[in-house]
1. Quick check on my filter: what residues within the stretch 162-189 are part of a helix (DSSP H, G or I) and touching a residue at least 24 places away in the same chain (Cβ under 8 Å)?
2. Within the stretch 78-100, which residues are over 19 Å from residue 175 (Cβ atoms), in a helix (DSSP H, G or I) and either in contact (Cβ under 8 Å) with a residue 24 or more places away in the chain or not assigned by TED's automatic domain parsing to the domain that holds residue 156 (or both)?
3. If we only count strands (runs of 3 or more DSSP E) wholly inside the stretch 196-309, which ones have 2 or more residues that are loosely packed, with under 15 Cβ neighbours inside 10 Å and outside the structural domain of residue 9 (by TED's automatic domain parsing)?
4. Among the residues of the stretch 228-254, write down those that are in contact (Cβ under 8 Å) with a residue 24 or more places away in the chain and out of contact with any strand residue (DSSP E or B) (no Cβ under 7 Å at 6 or more places or on another chain).
5. Can you find a residue that is on the phi > 0 side of the Ramachandran plot and modelled with pLDDT of 95 or more anywhere in the stretch 46-56?
6. Residues 36, 11: which one is under 24 Å from residue 166 (Cβ atoms), crowded, with 21+ Cβ neighbours inside 10 Å and at pLDDT 95 or above?
7. Could you list all residues from the stretch 44-60 that are surrounded by 14 or more Cβ atoms within 10 Å (Cβ to Cβ) and either within 13 Å of the chain's Cα centre (by Cα) or not in a loop (DSSP other than H, G, I, E, B) (or both)?
């Protein structure tokens, strides 16, 4: 057994003249959360579907858990889980009935099935909701139920495609706490997302754009590699006005800034050689009566890195 749960080499998918995924190489270590990050249409779902054997690649190879996907699909399916963007839950069935249905589909029976369901309900705080119809659950609870259904058979590797799309921030945070608990139990997690804050929680990432991987590594390594010293963080009592003034200065050519955005209550300015521009930026803010208290070099956020990678 090697150290990788997923090994994809040269993975490519063409639909006629359109290349949806273009020679993607991805290696996912056992026992980690690996994130595939990219905007809608980047090729994330197509990549997952090829990895699962649901879509034949135009070229390239995929191994899951040391097994070629194309040669041993049945054996692989018994050892992996998959939660699609639109995971099918039966609204007219209760929570327990949904779990029994998926458990039996995975071959679980009798005492084993009952034990797994009890553990699933406890893991996700769904105790007491077993007899609630799925249609009456909120988005966050439906999400937990879908995850339980996907991992009821205790897979070694689970694929989650945009699992928190359309879910409120609190439910998203709770869901990620669950993912860390799965990893602690020895399950490898492969997740796609377009939420930058979620990507920060991954052990390693691959950033996709137009079907290609444009950066990979841990979130910290990607930040260092792509944008060391490229971000100034400005604390201002009026961040909206600060953004407007600095953007105007950048558009006029008065300041060599590439991007000016709000980052919570702060303002992030990105560009090359910003350390030398601190005084010029401060002067521009003073001239426009923009109140500020501090300007300092900061670690870029993944959103900063992502925007720069998209531009590049």
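The values are calculated or read from the model by the stated rules, or taken from the named source; none is laboratory data. It should be emphasised that the depicted structure is a prediction, and the values quoted were computed from it without experimental measurement. Heads up, the Cβs are rebuilt from the backbone with ideal geometry, glycines too, and the neighbour counts pull from every protein chain shown.
1. Step one: list which residues in the stretch 162-189 are part of a helix (DSSP H, G or I), which gives 169-184.
Residues satisfying the conditions are 170, 171, 172, 174, 175, 176, 178, 179, 180, 181, 182, 183.
2. Scanning the stretch 78-100 gives a single hit, 96.
3. 292-297
4. Those that are in contact (Cβ under 8 Å) with a residue 24 or more places away in the chain and out of contact with any strand residue (DSSP E or B) (no Cβ under 7 Å at 6 or more places or on another chain): 237, 238, 241, 245, 249, 254.
5. The first filter runs over the stretch 46-56 and keeps only residues on the phi > 0 side of the Ramachandran plot, leaving 53.
Now narrow it down to the ones that are modelled with pLDDT of 95 or more: none.
There is no residue in the stretch 46-56 that is on the phi > 0 side of the Ramachandran plot and modelled with pLDDT of 95 or more.
6. Only one candidate qualifies: 36.
7. If the condition is that a residue be surrounded by 14 or more Cβ atoms within 10 Å (Cβ to Cβ) and either within 13 Å of the chain's Cα centre (by Cα) or not in a loop (DSSP other than H, G, I, E, B) (or both), then 44, 45, 46, 47, 48, 49, 50, 51, 60 are the ones that fit.
Condition check ((1) farther than 25 Å from residue 193 by Cα; (2) in contact with a strand residue (DSSP E or B) (Cβ under 6 Å, 6 or more places away or on another chain)) across all residues:
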| site | (1), (2) |
| --- | --- |
| 73 | yes, no |
| 76 | no, yes |
| 82 | no, yes |
| 89 | no, no |
| 94 | yes, yes |
| 98 | yes, no |
| 105 | yes, no |
| 108 | yes, no |
| 115 | yes, no |
